[in-house]
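The values are calculated or read from the model by the stated rules, or taken from the named source; none is laboratory data. Nothing here was measured: the structure is a model prediction, and the numbers come from that model. Using ideal geometry, Cβ is built from the backbone for each residue, glycine included, and neighbour counts are taken over all protein chains shown. Only protein heavy atoms, including side chains, enter the accessible area calculation; ligands, DNA and RNA are left aside. Shrake-Rupley method; radii C 1.70, N 1.55, O 1.52, S 1.80 Å.
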Amino acid sequence: MKTVPRNVHVVTQDQAAGVADLPEEVSLRLADIAGVAREGLLAMSVAAGMAVMQAMFEAEITAATGPKGRHNSERAAVRHGTGKGSVTLGGRRVEVTRPRARTVDGHEVPLDSYAQFAADDLLGQVVLERMLAGVATRRHARIAEPIGTDVLEGASSTGRSAVSRRFIRETETALAELLARDLSEQDIKVLMLDGEHMAGRCVIVALAITADGSKLPVGLWDGATENKTVVRSMLADLVSRGLSAEDGLLVVIDGAKALRAAVNEVFGGLAAVQRCTLHKRRNVADHLPDKEKAWVDAKLVKAFNHPDPELGLRNAKHLASLLDKAHPGAASSLREGLEEMFTVARLGIDGRLAKTLVTSNPVESMISIARTTNRNVTRWRDGHMVLRWTAAGMLNAERSFRRIKGYKHMPQLVAALHRHAHPATTDHTETVGAVA
């Protein structure tokens, strides 16, 4: 005796007859979709989506011209055959046939649904994402999603040249967006500057940190070196877009003299300058033999992290005097800009926030991500190409940004910067620990 398992639906003869009585057009569509199923679920989904899209075209044309085959003397438009077109699908363009209609006075009736599916924006975004992920232009067709053999036969915009053109357009948009950002609405309290050497050029990069600890790429400038003129031009551009130091601004730099001179020229005494302690340690170590590096670096770390900035500065100066005779180059490197190694500490900032602000790690991390995006470039054509790629990488890095470590103490930094910019308004200072 055979039994029917539970939860198994048995199709009756009446139900089977109902399926067979479906309209011919619907039955053909279902047959097409079922035929693609053997190529995979995604290909079958694409076939179903293409059928739905054609139904949307037909519904819009019917709304404009009335039901097909019915005479209507008051209709405003009439059907006008079909036309070939293409829509964006999975990082490629695929051919479609769309119905057409004309108004009674001879003008083409636009299909809003076709315009949405044919929009090129999504394709450009797909190309940009793949290029930033390291996919070479010649490999885009290989990694594209399977959409079915029939649909794939008419696909285009996957060739190397087409991908390259779209990427250029997208990166030009990214560069324009970065260089036109309005900073007047951003409460920027920290500005980090660093240089990236690429293709024989030096790109100056600026990262801003707002009062709530959020990071924001704001500047990008091209030059042969980190000279004062280049940096001053970029800072002037930031000011023209709304960056203000009137209520205090902390500028973190890697130690280059050109950066310091440009900051002083643009912001004057309103900006407090903190030089990166990591860069200082590396620069000093470069002047020392291997056997001397460990103990010198240990003393530098202890001096830079001393809770009393004045005592830490005194210890660093004492270390420089110890290096004078045996390693005068290291001593000279240590003394250069030494006072500005303790700016954050003098502002009364300590803890996790201080560790974040005494180095240029946040901007270097952003540059590192940007550098990763251009690893497939084998030939840099010009400076504009360098800027385009760098801007795209910076905006790509921005998507993974989190607030800086120690952001909860940003109100103390804001207050300290206000006191620095307006010393006449207060006659006392407080550390973060005291305020908290």
The stretch 62-124: GluC sites (Glu not before Pro) falling in loop per DSSP and having at most 12 other Cβ within 10 Å: Glu74
³J(HN,Hα) computed for each position of the stretch 174-185 - Karplus, 6.51 cos²θ - 1.76 cosθ + 1.60, integer Hz, glycine/proline x: 4, 5, 4, 5, 5, 7, 10, 4, 7, 9, 5, 8
Simple spin-label estimate for Ala261 and Ser240 in nanometres, 7 Å along Cα-Cβ: 2.2
Inter-label distance for Ala298 and Ala199, nm, one decimal - labels placed 7 Å from Cα along Cα-to-Cβ: 4.6
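Averaged per residue, what accessible area in Å² does the stretch 175-277 show with a 1.4 Å probe, protein chains only?
Ligands and nucleic acids excluded, the figure is 34 Å² per residue.
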Inter-label distance for His318 and Thr173, nm, one decimal - labels placed 7 Å from Cα along Cα-to-Cβ: 6.0
Heavy-atom accessible surface of the stretch 268-427: percent carbon and sulfur, 1.4 Å: 52
Förster radius 60 Å - calculated FRET efficiency between Arg375 and Leu311, Cβ distance, rounded to 0.05: 0.85
Sorted peptide list for 205-212, 65-72, criterion being average Cβ within 10 angstrom, highest first: 205-212, 65-72
